[in-house]
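Have a look at the structure below before the remarks.
The values are calculated or read from the model by the stated rules, or taken from the named source; none is laboratory data. This one's a predicted model, so the numbers in the text were calculated from it and none came from an experiment. Heads up, the Cβs are rebuilt from the backbone with ideal geometry, glycines too, and the neighbour counts pull from every protein chain shown. SASA here: full protein model, heavy atoms, side chains in, ligands and nucleic acids out. Shrake-Rupley method; radii C 1.70, N 1.55, O 1.52, S 1.80 Å.
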There are 2 protein chains.
Amino acid sequence: MEIERRDLLLSAAALTVGMAAPTLAASPRKLGYAIIGLGYYGLGVIIPQFRNCAHSRLAAVVSGDPAKAKRVAAEHGLPARSVYSYADFDRIRDNPDVDIVYVCLPNAMHAEYTIRAAKAGKHVLCEKPMAVSVAECEAMIAACKTANRKLMIGYRCHFEPYNLEAMRLARTGAAGKIRYVRSEHGFVQRSPDAWRLKRALAGGGSLMDMGVYSLQAARYMTGEEPVAVTARESTDRRDPRFTEVEDMIDWTLEFPSGALGGCQSMYSANQNRILLMGDKGRIELEPATRYNGNRMWVGEDGREKAITPPRASARNQFVGQLDHMARCAATGHEPIVSGEEGLRDMRIVEAIYRSAREGRTIRLDGRA
Amino acid sequence: MEIERRDLLLSAAALTVGMAAPTLAASPRKLGYAIIGLGYYGLGVIIPQFRNCAHSRLAAVVSGDPAKAKRVAAEHGLPARSVYSYADFDRIRDNPDVDIVYVCLPNAMHAEYTIRAAKAGKHVLCEKPMAVSVAECEAMIAACKTANRKLMIGYRCHFEPYNLEAMRLARTGAAGKIRYVRSEHGFVQRSPDAWRLKRALAGGGSLMDMGVYSLQAARYMTGEEPVAVTARESTDRRDPRFTEVEDMIDWTLEFPSGALGGCQSMYSANQNRILLMGDKGRIELEPATRYNGNRMWVGEDGREKAITPPRASARNQFVGQLDHMARCAATGHEPIVSGEEGLRDMRIVEAIYRSAREGRTIRLDGRA
């Protein structure tokens, strides 16, 4: 009965993703997270979220900076044994406080630490992009499967109230037949020294960073898998920021319904937008995928009607994501954004790069 | 002196296009226009503008519907000799009241009537798209050159206050270095019987209609000529509206500066938007190119600041266009949107179709 009740609760949570109020909590204890990577995202964005979680708590930190790790641990009341370096990370297998490892490292380190975490018997929440190649994604999925651990990708928009409401409206025909989804994501990357501009760490440029939001948006707004992609890149290689990775990339996805996805990412202008156009109207988000302050409109011909999703003010995409993974780890359910979802994106990312390189349309459905 | 004064006035008008107030008029008389095609645009949109023109007046009508032509002529006080059918149109050479022929016919008739008008010794204002092929555009330019007559294309956005102000802001660096121009234009084409859906009349689908606005916007917002284009098309050929022409087409233009132009047109959703993204901010128009009601914003990160161009309420793109052509015809100046400008677009349009057909990038600069 208890398992059935959990299943029901989880199903409800999956439908109204991340919407389950803390009072519905059925877990006997909060699951423990180890955060790997105490950079801006891990330390500045994720760790502060645990205070609002119903099913998740901070249990350990992993960092290359012992002083920083010690300070963060002290601030959050973690015992000394729950502070790890990259070298001794594998000892985490012996730490019963840690159920889930959340990989907040540069892209090129995702595969290694996901696989090491799985081998240590931990579930893994890995930031997007899942890794820097399809081969790495496949190895990560295999490692988690072998270890019988869950693997989830940090696609936070699947827990963000505006994006969830936009998906719901798209599915229920609020815009009519979906013809075109547009998504643009970019920001001005100012420092030439940022790890995101180093190929060895980032695996690519804006596509591997903001581009994943555009790609995800085209997929979750249409609810379809693309069958072909055509891409163009534009990068000023004399700009010291862009000696290793691309600045700007533009791609068109073709979906089985005939809908097109027009996507873009860049490191030389600020932009954050999703627009769905259907034969009866549109759904627009701008900003669309920020940490907060997102906005949405639904209308026949523009921004006639601003939409505030139910419980938008009460919900938080980061908390929703952390607790969803904790519930999946506890109940054995598959995360709604699994490793397979990350792999799907990475297959398309590789095709986007290939299309831009070769100047031709690349099929994604195996057709010639 | 009179000629010099006219030149100065025309130069000022060219700078603040269409902005010259009627009181500056130096023309001894209004030039006479013959309107060919009394459909929605010619009859419903253009003819009512003459009452506000400083340099232009309605002088003749040409129609395949004698009763309609007679009624319109009577309403506007035109003599019987200034009413023409397509068959007797060439007699217009003997009508001294007519200086300029404005071709408001379906696309596939533009070339024939432009050439016949030039041969009749008249200047020509031809609606966009200029024609249905590069070869036709070249023949039109040649015919007007031989006849020593001016040829202008009805690119009304070059006389629309919001678009003019957007161009000015783009050139003066209001958004910083221009990285990306996005333009989407579409509407739901409901009737399968519309001439715009017949290949023999329209020469193509949404690209030949709304797509020209997107293409123009990418060119006049960047101020550059594209060097390559990559396009994809999506059309439901089972839809009775789209048995002959395309519904939706998406293309990426590459400009010499490295800026990209992401353009789109469609007949299955409403959209009308131009967005310029630069490294310091953006310029956005939505709706961008409507007959009226256009709006514009300039901002670092969205729609922070709504812009109303100087004299926007006093100016009208249709009047500006008609009077500009009249002044060019009177003074011998080249129109700011000449036949060469229409030809440039048609070369790109042919490359867009070719790229979509062949699934590869097409160079526009002659490079391999």
inquiry  = With the requirement that a residue be farther than 30 Å from residue B:299 by Cβ and open to solvent by 10 Å² or more (accessible area, probe 1.4 Å), what does the stretch B:228-264 give you?
reply    = B:232, B:233, B:234, B:235, B:236, B:237, B:238, B:239, B:240, B:241, B:243, B:244
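Which is within 30 Å of residue B:270 (Cα to Cα), open to solvent by 10 Å² or more (accessible area, probe 1.4 Å) and not assigned by TED's automatic domain parsing to the domain that holds residue B:246, of B:133, B:191? Spell out the reasoning first.
Numbers: B:191 fails: not assigned by TED's automatic domain parsing to the domain that holds residue B:246.
None of the other options fit; the residue is B:133.
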inquiry  = Tell me the residue from B:138, B:184 that is in contact with a helix residue (DSSP H, G or I) (Cβ under 8 Å, 6 or more places away or on another chain) and outside the structural domain of residue B:293 (by TED's automatic domain parsing), please.
reply    = B:138
message = I'd like to verify a number: residues in the stretch A:87-104 that are in contact (Cβ under 8 Å) with a residue 12 or more places away in the chain, touching a Gly at 6+ places or on another chain (Cβ under 9 Å) and open to solvent by 10 Å² or more (accessible area, probe 1.4 Å), how many?
response = 4
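Being within 11 Å of chain A (Cβ to nearest Cβ) and either open to solvent by 10 Å² or more (accessible area, probe 1.4 Å) or modelled with pLDDT under 95 (or both) narrows it down to one residue among B:186, B:223, B:176; which is it?
Values: B:186 fails: either open to solvent by 10 Å² or more (accessible area, probe 1.4 Å) or modelled with pLDDT under 95 (or both); B:223 fails: within 11 Å of chain A (Cβ to nearest Cβ).
Residue meeting the stated conditions: B:176.
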key: residue A:283 being out of contact with any Asp or Glu (no Cβ under 7 Å at 6 or more places or on another chain) and among the β-branched types (Val, Ile, Thr)   = yes
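Residues of the stretch B:251-264 being closer than 12 Å to residue B:210 by Cα and facing chain A (nearest Cβ under 7 Å), which ones? Talk me through it step by step, then tell me what you get.
Going through the stretch B:251-264, the residues closer than 12 Å to residue B:210 by Cα turn out to be B:263-264.
B:264, the sole residue that qualifies.
Could you pull out the residue among B:240, B:256, B:287 that is under 25 Å from residue B:48 (Cα atoms), out of contact with any helix residue (DSSP H, G or I) (no Cβ under 6 Å at 6 or more places or on another chain) and not assigned by TED's automatic domain parsing to the domain that holds residue B:57? Steps first, answer last, please.
Numbers: B:240 fails: under 25 Å from residue B:48 (Cα atoms); B:256 fails: under 25 Å from residue B:48 (Cα atoms).
Testing whether each residue is under 25 Å from residue B:48 (Cα atoms), out of contact with any helix residue (DSSP H, G or I) (no Cβ under 6 Å at 6 or more places or on another chain) and not assigned by TED's automatic domain parsing to the domain that holds residue B:57 leaves just B:287.
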inquiry  = Please go through the stretch A:148-173 and give me each residue that is charged (D, E, K, R) and either open to solvent by 30 Å² or more (accessible area, probe 1.4 Å) or within 14 Å of chain B (Cβ to nearest Cβ) (or both), ordered by number.
reply    = A:149, A:150, A:168, A:171
message = If I ask for residues that are within 21 Å of the chain's Cα centre (by Cα) and open to solvent by 40 Å² or more (accessible area, probe 1.4 Å), which ones from the stretch B:52-83 would you list?
response = B:52, B:57
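Suppose we filter A:119, A:145, A:128 for residues that are out of contact with any helix residue (DSSP H, G or I) (no Cβ under 7 Å at 6 or more places or on another chain) and more than 20 Å from residue A:65 (Cα to Cα); which single one remains?
Details: A:119 fails: out of contact with any helix residue (DSSP H, G or I) (no Cβ under 7 Å at 6 or more places or on another chain); A:128 fails: out of contact with any helix residue (DSSP H, G or I) (no Cβ under 7 Å at 6 or more places or on another chain).
Within the list A:119, A:145, A:128, the selection yields A:145.
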task = Could you give me the residue pairs with C-beta distances under 6 Å whose first residue belongs to the stretch B:209-235 and is acidic (Asp, Glu), whose second residue is part of a helix (DSSP H, G or I) wherever it lies, and which are 6+ apart or on separate chains?
result = B:209/B:196; B:233/B:356
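Does residue A:244 satisfy the condition of being of a type in the set (D, E, K, R) and part of a strand (DSSP E or B)?
Judged against the criteria, residue A:244 is not a match.
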query = Could you say which residue among A:198, A:145 is open to solvent by 10 Å² or more (accessible area, probe 1.4 Å) and either out of contact with any Pro (no Cβ under 9 Å at 6 or more places or on another chain) or assigned by TED's automatic domain parsing to the domain that holds residue A:322 (or both)?
reply = A:145
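State yes or no: is residue A:211 within 11 Å of chain B (Cβ to nearest Cβ), in contact with a strand residue (DSSP E or B) (Cβ under 6 Å, 6 or more places away or on another chain) and closer than 29 Å to residue A:295 by Cβ? Don't jump to the end; show me each part of the working.
Details: within 11 Å of chain B (Cβ to nearest Cβ): no; in contact with a strand residue (DSSP E or B) (Cβ under 6 Å, 6 or more places away or on another chain): yes; closer than 29 Å to residue A:295 by Cβ: yes.
No: the conditions fail for residue A:211.
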message = Given the options A:241, A:232, name the one that is out of contact with any His (no Cβ under 7 Å at 6 or more places or on another chain) and under 19 Å from residue A:349 (Cα atoms).
response = A:232
query = Looking at (1) in contact with a helix residue (DSSP H, G or I) (Cβ under 9 Å, 6 or more places away or on another chain); (2) free of Cβ contacts under 8 Å to residues at least 24 places away in the same chain, which is the only condition residue A:316 fails?
reply = (2)
